[in-house]
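A quick write-up on the structure given underneath.
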Amino acid sequence: MSSPEVATTIVRRWLALALETINAHEDELGQLDAAAGDGDHGATMVRGLRAAVATVEKADGSAGHLLAAAGAAFADAAGGASGALVGALLSTTGRTLADHPCDTPSVAKALQAGLTMVKRLGKAQPGDKTLIDALQPFVDALAAQPVDQPLAAAWRAALPAARQGAEATGAMVARRGRSAKLGERSLGHPDPGATSIVYLLQAMNDALGASGA
């Protein structure tokens, strides 16, 4: 990524695209959540992203600082388990990135910190049918890219791993969160959290591609 200014522009563009994407898929996410939850995941994500977008429009600082501010705003506005987990992911990633350059190794390290925080808060691991089933393979794939590969190319190369991880949750029985109480009812439906993570990652892919980063 060529400059700190470009990086902050990408964060703002990403959040705007993420809100647009999640808003378009709000009903789908709600239906996935209704299979073994209360059906509010799409609405929760939209609420959190609206607050995050409003916050970064007014905030200054590095890309990392903007992400940290976005995460705090997301968690406050979204509420619930999803709000806490996605908010923590954004905030921890942003704080770890801080003022570091937004290159592939730094972003991969920051996302790993965010993933670790989500695991700790949610007490979940891969295979539990949560957002981790999409996020973990993506982070692993991003970290495996050559250190000198531009972030946009590395992100694009890692994205299929997230999609495959989310798709695989359809064959899993939930073991964490509200869905775990309903056991087999969750079988056959992809996890809404994993699905929304793929949409967020795809939105960043589009923001990076548009920037030429």
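The values are calculated or read from the model by the stated rules, or taken from the named source; none is laboratory data. Just so it is clear, the structure is predicted and the values come from calculations on it, not from any experiment. Cβ placement follows ideal geometry from the backbone for every residue including glycine, while neighbour counts extend to all protein chains displayed. Side chains are part of the model used for accessible areas, which takes the heavy atoms of the whole protein and leaves out ligands, DNA and RNA. Shrake-Rupley method; radii C 1.70, N 1.55, O 1.52, S 1.80 Å.
By average Cβ neighbour count within 10 Å, what is the ranking of 9-15, 93-99 from highest down?
Answer by packing, highest mean first, reads 9-15, 93-99.
Can you give me the orientation-averaged projected area of the convex hull built on the Cα atoms of segment 92-156, in nm²?
So the Cα hull casts an average projection of 4.3 nm².
What is the Cα convex hull volume of segment 1-103 when expressed per residue in Å³?
Cα-based convex hull of segment 1-103, divided per residue, equals 86 Å³.
Subtract the Cα-Cα distance of Gln31 and Ala59 from 0.36 nm times their separation in residues, and report this length gain in nm to one decimal.
Difference between extended and current length: 6.7 nm.
If you stretched the chain out fully between His100 and Glu5, how much longer would it get, using 0.36 nm times the residue separation minus the C-alpha to C-alpha distance?
32.9 nm is the gain from fully extending His100 to Glu5.
If I compute solvent accessible area with a 1.4 Å probe over the protein chains, what percent of it on the chain is carbon and sulfur?
Here carbon and sulfur together make up 55 percent of the probe-accessible area.
So if I take the centroid of the Cα atoms in segment 1-36 and the same for segment 64-118, what is the distance between those two points in Å?
Between the Cα centre of segment 1-36 and that of segment 64-118, the gap is 14 Å.
Give the total of Lys-Lys pairs in the chain with Cα-Cα distances below 21 Å; include a pair only if its members are 8 or more places apart or on different chains.
Within the chain, the lysine pair count is 6.
Starting from the 7 Å offset along Cα-to-Cβ, what nm value, one decimal, do you get for the label separation of Val147 and Asp76?
In this crude label model, Val147 to Asp76 measures out at 3.9 nm.
At 222 nm, what value in deg cm²/dmol follows for the chain if DSSP H runs of at least 4 each add -39500 (n - 2.57) and the sum is divided by all its residues, to the nearest 500?
Dividing the helical sum by the residues of the chain leaves -24000 deg cm²/dmol.
Place a +1 charge on the Cβ of each Lys and Arg in the chain and a -1 charge on the Cβ of each Asp and Glu, then give the dipole magnitude about the Cα centre in debye, rounded to the nearest 20.
With Lys and Arg at +1 and Asp and Glu at -1, about 540 debye.
Compute, for Met172, the solvent-accessible surface of its heavy atoms (probe 1.4 Å) with the complete set of protein chains present, and express it in square angstrom to the nearest 10.
Counting only protein heavy atoms, Met172 exposes about 40 Å² to solvent.
Can you tell me the accessible area per residue over segment 1-124, all protein chains present, probe 1.4 angstrom, in square angstrom?
That works out to 43 Å² for each residue.
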